[in-house]
Amino acid sequence: MTTTPQPADGRRPRPTRHRGPVMLRGGEPDPRTQGTTTDARLLDRRGPTDWVHTDPWRVLRIQSEFVEGFGLLSELPRAVSVFGSARTPRGSAHYASGVEIGAALARAGYAVITGGGPGAMEAANRGASESGGLSVGLGIELPFEQELNEWVDVGIAFRYFFVRKTMFVKYAQAFVILPGGFGTLDELFEALTLVQTRKVTRFPVVLFGSEYWSGLVDWIRSTMVPAATVKESDLDLFTVTDDVEEVVRVIQEAEAARQAGDNGGGMRSVPADSGPSDA
């Protein structure tokens, strides 16, 4: 509906339009919606479909992804998110490690959550599934991404990375990071930021493969710490190991500590950082 209220100071009135609870003044009304109501446009199947790609409609899509994800994952048993490269080839040492880690987590009673893709993600899903555990895949809509791997028992594909990341964090008790690329680094540093800023309980972040991760860890220690962009104690926010049994032990010890009321998650003693962060 369009109205033209009279201004109190004699200025020329501006057209006022209402779009549901939103009021718009000035400019030209959309001729496609003149003489119609929201209900009428909803029930009329004719006309252009551009509206399904507008930002307000995307909000509903985002909401629906959260609802679907929460609904699917809310009844998961305790779980661990495992990240790693989609490019890890079958038969490689890193793939074998992923299978072994997935199997060990399953035997310890944890569901395994991955991005649902090939490579290291498939390896962890495979290890969990073959060992009788619950194997979960949270896929992402990409132009070059394959479908969820065959070892996923429960899966969902997301449109939005940030919704998917929320699911990785919300339903996991720990993160295990296998060798990977930019996507894996993205997940790693987002997890460390959430732990560092206490947006999540300080649960373990485990980097598996010391040879692969040593350069990054050395750079943090030799460059970032002296530059005071991170603290020396921030190196205690993660564990680097080549031992699958240690991966499980670190996670179990953190869980036991949390159950005992230690919100530090059983990690090494890390004082609260009251200074500013890069978050």
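The values are calculated or read from the model by the stated rules, or taken from the named source; none is laboratory data. What you are looking at is a predicted structure, and each value in this text was computed from that prediction instead of being measured. Counting neighbours? That spans all protein chains shown, and the Cβs are built from the backbone with ideal geometry, glycine included. In case anyone asks, the SASA skips ligands and DNA or RNA and just uses the protein heavy atoms, side chains included. Shrake-Rupley method; radii C 1.70, N 1.55, O 1.52, S 1.80 Å.
Taken as a whole, the structure leaves Ala172 outside the set of residues that are part of a loop (DSSP other than H, G, I, E, B), over 21 Å from the mean Cα position of the chain (by Cα) and not hydroxyl-bearing (Ser, Thr, Tyr). The set of residues in the range 170-197 that are surrounded by fewer than 19 Cβ atoms within 10 Å (Cβ to Cβ) and touching a helix residue (DSSP H, G or I) at 6+ places or on another chain (Cβ under 7 Å) comprises Glu190, Leu192. Residues of the range 70-99 that are touching a helix residue (DSSP H, G or I) at 6+ places or on another chain (Cβ under 6 Å), in a loop (DSSP other than H, G, I, E, B) and of a type outside the set (Val, Ile, Thr): Gly84, Ser85.
Would you mind stating whether Val176 is in contact with a Pro (Cβ under 9 Å, 6 or more places away or on another chain), at negative phi and among the aliphatic types (A, V, I, L, M)? In short, yes. Does Ser135 satisfy being surrounded by fewer than 23 Cβ atoms within 10 Å (Cβ to Cβ) and closer than 20 Å to Val247 by Cα? When the stated conditions are applied, Ser135 does not pass them. Take Thr201 and tell me if it is more than 29 Å from Val59 (Cβ to Cβ) and modelled with pLDDT under 95. For Thr201, the condition - more than 29 Å from Val59 (Cβ to Cβ) and modelled with pLDDT under 95 - is met.
Among the residues of the range 154-186, those identified as charged (D, E, K, R) and closer than 16 Å to Gly69 by Cβ are Arg159, Arg164, Lys165, Lys170.
Among the residues making up the range 128-137, those that are touching a strand residue (DSSP E or B) at 6+ places or on another chain (Cβ under 9 Å) and farther than 16 Å from Ala174 by Cβ are Ser129, Ser135, Gly137.
In a residue-by-residue description of the range 167-183, the property of being among the hydroxyl-bearing types (Ser, Thr, Tyr) and in contact with an Asp or Glu (Cβ under 9 Å, 6 or more places away or on another chain) applies to no position.
In this structure, Arg198 does satisfy being in a loop (DSSP other than H, G, I, E, B) and basic (Lys, Arg). On the stretch given as the range 103-120, residues that are assigned to a helix (DSSP H, G or I) and either among the small types (Gly, Ala, Ser) or open to solvent by less than 20 Å² (accessible area, probe 1.4 Å) (or both) total 5. Based on what the data block shows, is Ser81 over 17 Å from the mean Cα position of the chain (by Cα), closer than 25 Å to Glu253 by Cα and of a type in the set (Ser, Thr, Tyr)? So Ser81 fails the test. A search for C-beta distances below 8 Å between a residue of the range 209-235 that is at positive phi and any residue that is in a loop (DSSP other than H, G, I, E, B) and hydrophobic (A, V, I, L, M, F, W, C), counting only pairs 6+ apart in sequence or on different chains, returns Gly209/Leu178. Of all residues in the range 222-234, those that are part of a helix (DSSP H, G or I), surrounded by 14 or more Cβ atoms within 10 Å (Cβ to Cβ) and either charged (D, E, K, R) or modelled with pLDDT under 95 (or both) total 2.
Restricting attention to the range 75-102 and to residues that are among the charged types (D, E, K, R) and under 21 Å from Pro204 (Cα atoms), the residue that is surrounded by the most Cβ atoms within 10 Å (Cβ to Cβ) turns out to be Glu100.
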